[in-house]
1. In region 44-67, how many residues are within 16 Å of the ligand (Cβ to nearest atom) and either in a strand (DSSP E or B) or hydroxyl-bearing (Ser, Thr, Tyr) (or both)?
2. From the list 106, 72, 65, which residue is modelled with pLDDT under 95, under 22 Å from residue 231 (Cβ atoms) and in the same structural domain as residue 242 (by TED's automatic domain parsing)?
3. Check region 79-102 and report whether any residue there is within 30 Å of residue 178 (Cα to Cα), in a loop (DSSP other than H, G, I, E, B) and within 15 Å of the ligand (Cβ to nearest atom).
4. Report the residue count in region 303-316 for those that are within 21 Å of residue 253 (Cβ to Cβ) and without any contact (Cβ under 8 Å) to a residue 24 or more places away in the chain.
5. For region 27-39, indicate whether the set of residues that are crowded, with 24+ Cβ neighbours inside 10 Å and of a type in the set (Ser, Thr, Tyr) is non-empty.
6. Listed residues 276, 210; which is aliphatic (A, V, I, L, M), surrounded by fewer than 22 Cβ atoms within 10 Å (Cβ to Cβ) and within 16 Å of the ligand (Cβ to nearest atom)?
7. Looking at 344, 354 in this structure, which one is modelled with pLDDT under 90, within 16 Å of the ligand (Cβ to nearest atom), more than 16 Å from residue 259 (Cβ to Cβ) and among the hydroxyl-bearing types (Ser, Thr, Tyr)?
8. Looking at region 107-119, which of its residues are more than 9 Å from the ligand (Cβ to nearest atom) and either part of a helix (DSSP H, G or I) or surrounded by 24 or more Cβ atoms within 10 Å (Cβ to Cβ) (or both)?
Amino acid sequence: MKPFKIRNIEINPPMILSPMAGVTDYTFRRLIKRRGGVGLVVSEFISVEGLTRHNPKSKRQMNFAEEERPFAVQIFGGQPERMRLGAEMAEEVGADILDINCGCPAPKVVKHGGGSGLLRDLPRLEIILKEIKKTITIPLTLKMRVGFSDSTINAVEVAKMAEQCGVEHIQVHGRTKEQGYKGLANWDLIRAVKEAVAVPVSGNGDITTIEYGLQKWRESGVDGILIGRGAMQNPWIFRQFNDVLNGREPYQPDLTEKKAVLLEFFEMLREEMPEIVALGKMKQLAGQFTKGLVGGAQFRQTLYHSHSADEILDNITIYFETLQQRQTFGDGLTEADKDLEIASCDAFSEEETSCEIAANV
Ligand SMILES: Cc1cc2nc3c(=O)[nH]c(=O)nc-3n(C[C@H](O)[C@H](O)[C@H](O)COP(=O)(O)O)c2cc1C
């Protein structure tokens, strides 16, 4: 696996932090990028309905720091004109790459023709891609699922059409829309896409260990790999992957560093948002991060039940001091890596109307 290029942008290492709504914001992206090994970061998916109606939240979601480059903005929507305008706005704020979401399974996104809804309306997708290509100069990329349902798998067809429209990188999450997050991603279909197009293809789905990632990369021949949920459990996963690719032992952070990463995240959150929001975000990361720690379940509970920044900080100190002194905490168990359940963009409720999408998403 070697660095690859999206036009003139080098993705080095060829590892991408997969976009996750509500997770891969400005703070989380920098936390992960600073651990090393990440070649590309992507915004959360951003509603073009919100962007083009000047919704402050949508505009804020395009903020990024220079240290994040190369940085891609991902937009979603089903209306070609709004998608074109949203793409222009992303270019204007200085994004390096514009990415189109063709994967979100949330009913209220799909209902309006966006996300994975585009996988069952290829003429609409084609119009959107062509409209956007007419107006932006930065590379256009696509992130998609392999199809809408098991009986309508069309990843290869979508990828070929996208390539014809000038898309310069295709990222495939090997599940269908109907599958949601159940079962495993199908990397054979990812390989089929890689074999069908000339532009770089990156694969995505269930990579939480270096071994599994290397195996899927070898089997599929993809140019790059995206990791989403695995980065919440293990912020060093990209660095470890890169170590192995370069013939080194994978980096193993010690307890002091694990504590430091939690504290760094919390400090960044508190600088950037109200305390109540920072507490929520901290608990969200802790929910995944603690799964790789001894006594993680009990530690997580202490964080969930913290109601102030001081309480969170105290509980982090108690946990790591106990572990350092006694080598154990709580029941002393470490939870299984495979336990990755987490709410996704699916969390949007169907009851909300498109206007509410514009206002809130
Ligand atoms: C909480 C959450 C939010 C997500 N939001 C997005 C999103 O905004 N855009 C997108 O393309 N994919 C989104 N996804 C899908 C991920 O990018 C990725 O394709 C999927 O989680 C499979 O990769 P993984 O097994 O490495 O997590 C989201 C997934 C999760 C769990």
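The values are calculated or read from the model by the stated rules, or taken from the named source; none is laboratory data. From a predicted model like this one, the values you see are computed outputs, not experimental measurements. Backbone-built Cβ (ideal geometry, glycine too); neighbour counts: all protein chains shown.
1. 5
2. On the way: 72 fails: modelled with pLDDT under 95; 65 fails: modelled with pLDDT under 95.
Of 106, 72, 65, the one residue that is modelled with pLDDT under 95, under 22 Å from residue 231 (Cβ atoms) and in the same structural domain as residue 242 (by TED's automatic domain parsing) is 106.
3. No, region 79-102 contains no residue that is within 30 Å of residue 178 (Cα to Cα), in a loop (DSSP other than H, G, I, E, B) and within 15 Å of the ligand (Cβ to nearest atom).
4. Just the residues of region 303-316 that are within 21 Å of residue 253 (Cβ to Cβ), to begin with: 303, 312-313, 315-316.
After this cut, where a residue has to be without any contact (Cβ under 8 Å) to a residue 24 or more places away in the chain as well, the list is 303, 315.
Residues in region 303-316 being within 21 Å of residue 253 (Cβ to Cβ) and without any contact (Cβ under 8 Å) to a residue 24 or more places away in the chain: 2 in total.
5. Scanning region 27-39, I find no residue that is crowded, with 24+ Cβ neighbours inside 10 Å and of a type in the set (Ser, Thr, Tyr), so the answer is no.
6. Values: 276 fails: within 16 Å of the ligand (Cβ to nearest atom).
Just one listed residue meets the conditions, 210.
7. Working: 354 fails: within 16 Å of the ligand (Cβ to nearest atom).
Just a single option satisfies the conditions, and that option is 344.
8. If we filter region 107-119 for residues that are more than 9 Å from the ligand (Cβ to nearest atom), which is where we start, we get 107-114, 116-119.
If the condition is that a residue be more than 9 Å from the ligand (Cβ to nearest atom) and either part of a helix (DSSP H, G or I) or surrounded by 24 or more Cβ atoms within 10 Å (Cβ to Cβ) (or both), then 107, 108, 109, 110, 114, 116, 117, 118, 119 are the ones that fit.
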